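As structure tokens, the structure follows; a few thoughts come after it.
The values are calculated or read from the model by the stated rules, or taken from the named source; none is laboratory data. Note that this is a predicted model, so its numbers are computed, not measured. Cβ placement follows ideal geometry from the backbone for every residue including glycine, while neighbour counts extend to all protein chains displayed.
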Amino acid sequence: MGDALGTAEDVVGRRVKALRLARGWSQQELATRMKDQGQPWRQTTVAKTEAADRPIRVNEAASLAAVFGITISDLLTVPIDDYHLASATVQLAEVRALAEAAQQRVSELERAHQHATGQLEAARQQHHLALVELQRAQEQYQAEVKSAAERAGNGEQEHQEEAER
């Protein structure tokens with residue numbers, strides 16, 4: 001009995017409950033039938049057995065099998081539906097783990113994206129400031145060129161005036 005199916009007590013508990021309900025018996029009726037087999041069972045014993053809250057002894061398993069008209073092996077056999085359920089449970093757990101891993105990766109990428117977005121915005125601001133500074137430097141350069149040209153023009157004019165005198 002694998003972990004997906006639970007303990008032996010889980011399997012027996014599910015089988016006892018299914019067999020009892022299939023016969024339309026109450027927990028008290030099963031307890032009475034177990035007393036007839038020499039077992040000091042009460043309704044609470046049936047409830048705890050079905051819930052796998054108590055271990056089952058071999059002589060109790062033999063009495064349960066006799067009460068239900070089955071073999072001990074049948075009592076311990078996991079119905080095929082339980083195998084399908086166990087398989088689906090394992091598959092669900094695997095898919096849940098994949099989904100959790102994917103969510104973790106999404107969270108990591110969202111944080112990286114936010115960080116990159118912040119860096120991009122900072123780079124854009126630096127670029128804008130550099131363009132403003134470039135514009136200012138170009139204007140200053142053009143003003144210096146114009147001033148130098150004017151000085152050169154004034155100097156040439158003065159030189160021509162001196163030459164004419």
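Of the helices (runs of 4 or more DSSP H) lying entirely inside the range 1-50, those containing at least 3 residues that are farther than 15 Å from residue 66 by Cα and under 38 Å from the mean Cα position of the chain (by Cα) are 8-22, 43-50. Taken together, 52, 148, 93, 123 contain a single residue that is under 30 Å from residue 23 (Cβ atoms), of a type in the set (Gly, Ala, Ser), surrounded by 10 or more Cβ atoms within 10 Å (Cβ to Cβ) and at pLDDT below 95, which is 52.
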